[in-house]
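What follows is one structure encoded as C-alpha cells, with my remarks underneath.
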Amino acid sequence: MLNTGDILETIKMIQEENLDIRTITMGISLLDCIDSDIDAACGKIYEKMMRRAENLVKTGEDIEKQYGIPIINKRISVTPIAMVSAATKQSPVKFAKTLQRVAEGTGVNYVGGYSALVHKGFSAGDRELIESIPEALAETTNVCSSVNIGSTKAGINMDAVAMMGRTIMNAAEATKDDHCFGAAKIVVFCNAPEDNPFMAGAFHGVGEYDTEINVGVSGPGVVRAALEKHPDANISEIADVIKKTAFKITRMGQLVGTEASKRLGVPFGIVDLSLAPTPAVGDSVAHILEEIGLESCGTHGTTACLAMLNDAVKKGGVMASSHVGGLSGAFIPVSEDAGMIDAAVCGSLSLDKLEAMTAVCSVGLDMIVIPGDTPVDTISAIIADEAAIGMVNSKTTAVRVIPAIGMKEGEMLEFGGLFGSGPVMSVNKYSSSKFISRGGRIPAPLQSLKN
Amino acid sequence: MSAELEESMRAVVAVIGKDTVGILAKVSGICAEYGANVMDVTQTIMQDLFAMTMLIEISKISIDYIDLAEKLKNAGKEMGLQVHVMHEDIFNSMHKI
C-alpha cells in the first residue's frame, strides 16, 4: 500500500503549492512542407500540423483528469520558419498566419517557431523573416518568435544584434494599443536549445525527431514550501531539500511525458526541469530566494542563492528523468513572478543585478519592461551583453524586453493572465550606438585557459 | 508495456475534511455500485481533520474512470469533503525510485 503521508503530500503540492505541468509541447518538423509556391507550402504546413496535433489538447486534458495533475498549456513548436520560407522568396508573414490558423484549429495556446538561426551569419530567408517579425506578431495572437544571434562555437553576429534591437522596438510599436505585447512574443537567444518546450522561445530544431513530445514542469511554490519547513537548516541541507523536491516534480513530468507520447504515438523528447513562476501568490522564484534568507530579491547574495538553487534543481531533476533538455533551471521573468515584481517596484532589483543573475541561472533577461523611449541601439547592446554571458559560459541566455511605448520609468505595464505586470525599469542613459553601428561578429571565445 | 498497464489499473481515492458519520460507507458504496473493488483503506484523524485514503481496482469498473472520479468528487462535495481521485502511477513515480 502507498504511504498516506506521500499521498497527502502530493495532494498538498497540487492544491496549495501550485504544482503543475506547465506545458506539453509537440515539436513538429516542417522540412517536408517546403515549397517554392508559398500557398502550397502553407497548405502542406496546415495539413501536417493539424494531422499531428489533432488530439494534443484532448490528450492533455485526459491525462490531467486521469492523474489529477493540472496541465496548464498545450503548445506546438515548429522548424524555424526562415528555413521553410527561404524557398518562396516572399515575405513570410503568410506562414505566421498559417500557424495562427493551426493554433485556432487545434486549440493550443501558442505555436512557437517563427524563428531564424543566424548565430554566425544570414542565409536565404533569414533577413526577410527578421524584418517581418513585428508585422507577423501584430497580425497574429498565438504565434511566438525567436532568433538565435550567438553561440559559444560561432561567436555573436553583431549585425543580427543590431537588427533585433530595432525589431523589438518595432514589434512593441506595432502592438502599442495591446500593451506592446508583440515584444513579449520575441526571444533573442544565444546558444538556443532545439528542444525547448517553453514559450516564447520554443522552436523545433533540425536534429530532432519528425514529431516529438517535450514536457516542461513547474513548481517554485513547492520548493518554497519545502524550504519553509527547514528554517534553521544550513545551505548544504537547503540544497539537499531542493534536490529532493526537484526530483519529485520532475518524476511527475516524466510520467506525463511518457504517457502523452504513448497516447499520441509520438516519440518522447525531453523533460525540461524548470522552475517556471507565475504571477500567482506562492508560485514565485524570488520568494524561494527570500525564503533562503534575503530580505528582498536583488540584494547582495541573490546571485549566490540563485546559483545554488539552479544547480540543485538540475541535480535533483536529472535522475528523475530519462532525458533532460530544454532550458532546465530556474526562470527569472520579472513580470511573471510576484516576488520579482515587488522587488523591482521597491528598487531592490535592477536590470544590472538581473544581468548578473542570468550568468548563473537558466535563460536570461526575461519579461523586463523598459522605457518606451529607450534607443534601439541600447536594446541591441542589452542583447549583446546578455549573449556575451551565454557565449563565454557555454550556456543558453536570452533577452525578452518590452519597450513600453509612451511610458516612463516607474509606471506599470499590465499584461494580465500568466504574463502578469511589470514596472518600467531604468536602463543606462549613456549611448552604445557607436559599438552597435560597427556591425561584424564577435569571434568565438577560447574554450581553454579558463579564468 | 501493455502488461505493465494492466497491472497498474488502480486509483487512489483521498478524502479530506471534517469527520462526519458515514464517509467510508458513502465512498465505498459508490465504488461498489460501479464495480470498483476496494483493495485497501487507511484513515487517520489529524487534529479534527479526517483523512482517508483508499486504493481501488479500476480495471473492471462499469463506467468510465473519469466519470467515476466525478461521481466520487460530487459525493464528497455534498458532505463538505474534498475528494481527490488520482491514478496510482503518480504516487509510485513521485515517491518511489
Worksheet entry | Residue that is farthest from the other protein chains (Cβ to nearest Cβ) [pool: residues in region A:214-232 that are in a loop (DSSP other than H, G, I, E, B) and out of contact with any helix residue (DSSP H, G or I) (no Cβ under 7 Å at 6 or more places or on another chain)] | A:D232
Worksheet item: Hey, which of the helices (runs of 4 or more DSSP H) in region A:1-76, taking only ones fully inside, have at least 1 residues that are within 14 Å of another protein chain (Cβ to nearest Cβ) and within 16 Å of B:V13 (Cα to Cα)?
Response: A:4-16, A:56-67
Worksheet item: Of all the helices (runs of 4 or more DSSP H) wholly in region A:336-451, which have at least 3 residues that are surrounded by fewer than 16 Cβ atoms within 10 Å (Cβ to Cβ)?
Response: A:433-438
Worksheet, complete the sentence: A:V187: passes all of (1) farther than 20 Å from A:I21 by Cα; (2) surrounded by fewer than 24 Cβ atoms within 10 Å (Cβ to Cβ); (3) not basic (K, R) but (2)
Worksheet, complete the sentence: The lone condition B:T20 fails out of (1) surrounded by 11 or more Cβ atoms within 10 Å (Cβ to Cβ); (2) more than 14 Å from chain A (Cβ to nearest Cβ); (3) at pLDDT 90 or above is (3)
Practice prompt. Quick one: A:Q100 ticks every box in (1) polar (S, T, N, Q); (2) outside any helix (DSSP H, G or I); (3) touching a strand residue (DSSP E or B) at 6+ places or on another chain (Cβ under 9 Å) except a single one, so which number is it?
Written response: (2)
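So that you can scan it fast, the table gives a plain yes or no per residue for (1) within 18 Å of A:T358 (Cβ to Cβ); (2) touching a residue at least 60 places away in the same chain (Cβ under 8 Å); (3) within 12 Å of chain B (Cβ to nearest Cβ):
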residue	(1), (2), (3)
A:K248	no, yes, yes
A:M252	no, yes, yes
A:P267	no, no, no
A:L306	yes, no, no
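The values are calculated or read from the model by the stated rules, or taken from the named source; none is laboratory data. What you are looking at is a predicted structure, and each value in this text was computed from that prediction instead of being measured. Reconstructed Cβ throughout: ideal geometry from the backbone, glycine too, with neighbour counts over all protein chains shown.
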